[in-house]
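Just below is one structure, and these are the notes that go with it.
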Amino acid sequence: MAQTPVIRRKLSYDHLSAISAISLTGELYLAVQDHAYKGADVIAFLKQLLTEIPGKLLVIWDGAPIHRCRAVKEYLAQGASRRLQLEQLPGYAPELNPDEGVWRYLKRVELKNVVCADLEQLRREFWAAVERLLTKPGILHSCIREVGYV
């Protein structure tokens, strides 16, 4: 006898939040956490970039409110701006952000049709997708070329 299919789902809002940067040489910098990013998290990511990338650093990012928050402005005012220059893309132009190409590829190719039972499975699937992406440097370079930065 046939049985009605049952979709089991957890009634919660567990999610992963990610922040990333891609260099002109095609290197991907990425951080993931279980909660939404706040100003302090963005600052921690910027500090990590500054430790990994020598010299002056130009960060071109979208106009997300978290990028313009008071904590980030204070961090820059306290001296980070000596090595760090932030440029905001227009809100109407996500196609100018090479990171958008990275996320589009991950979502539409590497994670296409992936359904996870829980947050831990999502985390595993996400990092496996990132590892697969990192074996394809041409994809990262195409995300940069697509926006016209090189």
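The values are calculated or read from the model by the stated rules, or taken from the named source; none is laboratory data. Because the structure is a prediction, the values reported are computed rather than measured. Glycine gets a Cβ as well: all are built from the backbone with ideal geometry, and neighbour counts include every protein chain shown.
Can you tell me which residue among 46, 50, 57 is touching a strand residue (DSSP E or B) at 6+ places or on another chain (Cβ under 6 Å), within 14 Å of residue 21 (Cα to Cα), touching a residue at least 12 places away in the same chain (Cβ under 8 Å) and surrounded by 12 or more Cβ atoms within 10 Å (Cβ to Cβ)? Please lay out each step first, then the result.
Details: 46 fails: touching a strand residue (DSSP E or B) at 6+ places or on another chain (Cβ under 6 Å); 50 fails: touching a strand residue (DSSP E or B) at 6+ places or on another chain (Cβ under 6 Å).
Selected residue: 57, the only one of 46, 50, 57 that is touching a strand residue (DSSP E or B) at 6+ places or on another chain (Cβ under 6 Å), within 14 Å of residue 21 (Cα to Cα), touching a residue at least 12 places away in the same chain (Cβ under 8 Å) and surrounded by 12 or more Cβ atoms within 10 Å (Cβ to Cβ).
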- Query: Looking at the stretch 107-150, which of its residues are in a loop (DSSP other than H, G, I, E, B) and surrounded by 14 or more Cβ atoms within 10 Å (Cβ to Cβ)?
  - Reply: 111, 116
- Query: In this structure, is residue 24 closer than 26 Å to residue 93 by Cβ and loosely packed, with under 15 Cβ neighbours inside 10 Å?
  - Reply: yes
- Message: Just to be sure before I move on: is residue 2 surrounded by 12 or more Cβ atoms within 10 Å (Cβ to Cβ) and of a type in the set (Gly, Ala, Ser) in the structure I sent?
- Response: no
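May I ask you to list the residues in the stretch 67-94 that are touching an Asp or Glu at 6+ places or on another chain (Cβ under 8 Å) and either at pLDDT 90 or above or surrounded by 13 or more Cβ atoms within 10 Å (Cβ to Cβ) (or both)? First the steps, then the outcome.
Within the stretch 67-94, the subset touching an Asp or Glu at 6+ places or on another chain (Cβ under 8 Å) is 88-89, 91, 94.
Scanning the stretch 67-94 gives 88, 89, 94.
Considering each of 7, 19 in turn, give the residue that is surrounded by 15 or more Cβ atoms within 10 Å (Cβ to Cβ), more than 19 Å from residue 81 (Cα to Cα) and among the β-branched types (Val, Ile, Thr).
Details: 7 fails: surrounded by 15 or more Cβ atoms within 10 Å (Cβ to Cβ).
Testing whether each residue is surrounded by 15 or more Cβ atoms within 10 Å (Cβ to Cβ), more than 19 Å from residue 81 (Cα to Cα) and among the β-branched types (Val, Ile, Thr) leaves just 19.
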- Item | The lone exception for residue 83 - which of (1) in contact (Cβ under 8 Å) with a residue 24 or more places away in the chain; (2) within 18 Å of the chain's Cα centre (by Cα) it fails | (2)
- Count, please, the residues in the stretch 87-106 that happen to be touching a strand residue (DSSP E or B) at 6+ places or on another chain (Cβ under 9 Å), part of a helix (DSSP H, G or I) and among the acidic types (Asp, Glu). 1
